[in-house]
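Okay, structure first, notes after.
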Amino acid sequence: MELKETLLSSYMAFDAQDGPQRKLQDQRADAIEVFEQQGFPTNKEEDWKYTSLRALTKGDYSVFPKEEVSLKLEDVKQYILQDVDTYKIVFVDGIYNAYLSETTHEGADICLLSAALTKRKYAPIIKKYFNQIAEKEASLTALNTAFTNEGAFIYVPEGKQVEKPVQIIHFATSKNPKLLLQPRNLIVLEKNAELQVVERHQSLSDNTTFTNVVTEIFTEQNAQLDYYKIQNDQSHASLIDSTYIAQQKHSHAKVHTFSLGGKLIRNNLNFYHKAPEIISTMKGITLIEGEQFVDHHTLVHHAHPNSESHQDYKGIYAEKATGVFNGKIVVEKEAQKTNAFQKNNNILMDDKASINTKPQLEIFADDVKCSHGCTIGQLDEDALFYLQTRGIPRKEARGLLTYAFANNVLQSVQIDSVKKRINKLIAEKLGVNIGFDV
Amino acid sequence: MLSIDNLHAGCEGKTILQGINLDVKPGEVHAIMGPNGSGKSTLSTVIAGHEEYEVSQGSILFNGEDIAELSADERAHKGIFLSFQYPVEIPGVTVTNFIKTAINQTRKAQGLEDMPANEMLKKIREKAAMLEIDSRFLSRSLNEGFSGGEKKRNEIFQMAMLEPKLAILDETDSGLDIDALRIVANGVNKLKGGENAIVVITHYQRLLDYIVPDFVHVLHEGRIVKSGTKDLALELEEKGYDWIKQGA
């Protein structure tokens, strides 16, 4: 049976079960219809021209974990930021793991979507926000909506600055092979609220895993969001991450995406401006090798005046790795005085590595500043020679130059623990042991 | 220390050096002068070990060892330093981080432990003070947005930190005003003496007032056509290079 058919019949079973999904019956029914009509995206669609899901969707996946797996902290410690005090929402094979988690309801709600769906006091929030900014017509997002039952739920009330970062971590174990994980996250920052989030999806075995995650984020007036995605998974793990952010006046939403490993990673990162005077920032470092594949599709929808967006994505592709960057900026007619900047710089380390990069600007206002630039190059031979004459061997020199190339993205990371972690991962990937200061 | 015999070398199939002979002993200062395009920079690049340059004939010995097959970093580990005419800008790496990396990679190649942090810091401060380098300068990205003079001063700073056996200074005087020239020359002269040797490549005699050479060689069309003492440099300053070209 094709995966699409398997999923459609799984939906019937899922729908008949008792659970938090019951609360979303209508929305889920609409969503499965969209998926049924559209199926998985193919290369014929412009947005998927360079990204093929054919191999990924050939597999036989299950949406139901067979068993609940308990993990020892020792086994997964390395994937959890330890040197900083954090809240943690941890899932193992899609099931919430209370032992590894640290949630709260004091000052802010940092808990589970399943709980938010079933408790009456959250009903108005769910009604106001759930599935309100996610793109209903996108088939993978619809597929996620259809199977919604678990994920992170974060509600930060007006004026609250959450002092500790929140880690959202999904582990996939060998006990439930070929699992299609579809976490659904909902994050709401009320007026003047502040929040930092670190999200990670990690496979703990070399099994094939497929994650189709959807995150909806709402930043109300003057709210500040600082979000980090650490994507450093095993070479058999694939991730499709669709993140939708709706911003209100004077809010600033920042997302850093570090794509350092995985079989296929597709990031759909979308910012929608719902009022004037908004700042959206998205930055990324992609550093992959082998036959790994990373695709960044960004969208900033400028619909009101006096707003800014900043994009800075660095890509380093070694061996046969492939990258895609598609940065779409829409500036509506009303969005005068928009400042939109986009940069995508890439280094190809080997002959067989490749990148398809495309800025996509749709500007309907006449008084705007928009700039975009993409570069594809190799490491500068003169710079390598210069470093070598100072006693730095070629491999380290390549590492140092590559590090330097990505460094400005790292510099804007606000959580030291994240910065150190990424720094270390990059040094490991580059195979160099150079004591960089952070 | 450096013994170059009948060196023919070039790049992209073009032979630029057409039989260079040069012998530099410990403690000596040699100046290599010559008109534009005579092969001065090629000579320094070939000695430092640029991969794109091929040695087609002859040999380069450093302390008796043939170094023609060694990579640039291996040559650096043996004590060869090249001060670039056009130092490369490297955004994202600070001067301090760069020099730390260079020193510790060199120590690693020599089987030594990393230099202790306090010792490193002390040395950096000392050498920076000698070259009148502001400490703020050390936390800037390497050569990025530096003026010509700052770049050259930074090259000599690196030399002072690495303490090479043989320093080749390629057009170090260009871009320097007279005060900076004096500071840079002072830094070079501190290295001089005893076992260290210096090869100064320059178009003009000016630098040689400050770094006084024991020998002066004139390069023309890839060959050393004339050698002499520091008086030769003065003669060149006065008469220009035309009489050399005609003689050759």
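We did not get these values from a lab; they are worked out from the coordinates using the rules stated. Quick caveat, the model's predicted, so the values are computed rather than measured. Every residue, glycine as well, gets a Cβ built from its backbone with ideal geometry; the counts of neighbours run over all protein chains shown.
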Quick one: which of A:Lys395/B:Lys78; A:Lys420/B:Lys127; A:Lys249/A:Lys314; B:Lys108/B:Lys152; A:Lys88/A:Lys420 span more than 24 angstrom between C-alpha atoms?
-> A:Lys420/B:Lys127; A:Lys249/A:Lys314; B:Lys108/B:Lys152
Placed amide H near A:Ser62: partners under 5 Å, 5+ positions off or other chain | A:Leu179, A:Leu180
DSSP beta bridges in the protein assembly as shown [antiparallel fraction, %, rounded to 5] = 20 percent
In nanometres, what is the gap between the two model label sites at A:Leu361 and B:Lys123, each 7 Å from Cα along Cα-to-Cβ?
-> 4.9 nm
Could you work out, residue by residue across B:51-61, how many beta carbons of other chains sit within 10 Å of that residue's beta carbon, and then give the average as an integer?
-> 1
Would you mind checking which residues have amide H under 5 Å from A:Ile240's amide H? H placed 1.01 Å from N; only 5 or more apart, or other chain.
-> A:Thr211, A:Asn212, A:Val213, A:Arg266
Mind checking the mean number of beta-carbon atoms from other chains within 10 Å of the Cβ atoms in A:392-398?
-> 5
Cα gyration tensor shape for region A:3-275, rounded if a/c is under 1.5, else prolate or oblate = rounded
Assertion target for B:Leu142, B:Leu2, ordered by fewest C-beta neighbours within 10 angstrom first, is B:Leu2, B:Leu142
Cβ under 13 Å from A:His304's Cβ, A:His304 left aside: what net charge do those residues give with Lys, Arg +1 and Asp, Glu -1?
-> 0
Classify region A:125-233: rounded, prolate or oblate, from the alpha-carbon gyration tensor (a ≥ b ≥ c, eigenvalue square roots; a/c under 1.5 rounded; otherwise prolate if a/b is larger than b/c)?
-> oblate
What does the helix-only formula give at 222 nm for chain A: each DSSP H stretch with n ≥ 4 adding -39500 (n - 2.57), the total divided by the residues, and the result rounded to the nearest 500 deg cm²/dmol?
-> -6500 deg cm²/dmol
Nearest-0.05 FRET efficiency for A:Ser371 and B:Glu89 at R0 = 25 Å, using Cβ-Cβ distance, is 0.70
10 Å Cβ neighbours from other chains, averaged over peptide B:90-101 | 6
Label points 7 Å out from Cα along the Cβ direction at B:Thr229 and B:Glu113: separation in nm?
-> 5.0 nm
Extreme residue, positive dipole direction of region A:126-192, given options A:Asn144, A:Pro165, A:Tyr129 (C-beta unit charges) = A:Asn144
Please get the size of the charge dipole for chain A, origin at its Cα centre, with Cβ charges of +1 on Lys and Arg and -1 on Asp and Glu, quoted in debye to the nearest 20.
-> 240 debye
Long-range HN-HN contacts of B:Val199 with modeled amide H, under 5 Å = B:His30, B:Ala167, B:Ile168, B:Leu169
With the charge dipole of chain B built from beta-carbon charges (+1 for Lys and Arg, -1 for Asp and Glu) about the Cα centre, the Cα from B:Ile211, B:Met161, B:Ile224 projecting farthest to the positive end belongs to B:Met161
Under the Karplus curve 6.51 cos²θ - 1.76 cosθ + 1.60, θ = phi - 60°, whole-Hz ³J(HN,Hα) for region B:83-90, x wherever Gly or Pro sits | 8, 6, 5, 10, x, 7, 7, 10
Pop a pseudo-label 7 angstrom from the Cα along the beta-carbon direction at both A:Ala16 and A:Val84 and give the gap in nm to one decimal.
-> 4.7 nm
Going fewest to most other Cβ atoms within 10 Å around each Cβ, B:Ser135, A:Ser354, A:Ser114 line up as B:Ser135, A:Ser354, A:Ser114
Which semi-axes, in whole Å and largest first, does the equivalent ellipsoid of the protein assembly as shown have when worked out from the alpha carbon gyration tensor as the square roots of 5 times its eigenvalues?
-> 61, 24, 23
Residue by residue through region B:10-16, which ³J(HN,Hα) values in whole Hz follow from phi under the Karplus form 6.51 cos²θ - 1.76 cosθ + 1.60 (θ = phi - 60°), with glycine and proline marked x?
-> x, 9, 6, x, 9, 7, 9
Going residue by residue through region A:217-233, the Karplus relation 6.51 cos²θ - 1.76 cosθ + 1.60 with θ = phi - 60° gives ³J(HN,Hα) values, rounded to whole Hz and with x marking Gly or Pro, of 10, 10, 10, 6, 3, 6, 6, 10, 10, 10, 10, 10, 10, 9, 10, 9, 9
Assuming a ≥ b ≥ c are the square roots of the Cα gyration tensor eigenvalues, decide whether region A:48-97 counts as rounded (a/c under 1.5), prolate (otherwise, with a/b larger than b/c) or oblate.
-> oblate
Ranked from fewest to most other Cβ atoms within 10 Å of their own Cβ, A:Ile415, A:Ile422 fall in the order A:Ile415, A:Ile422
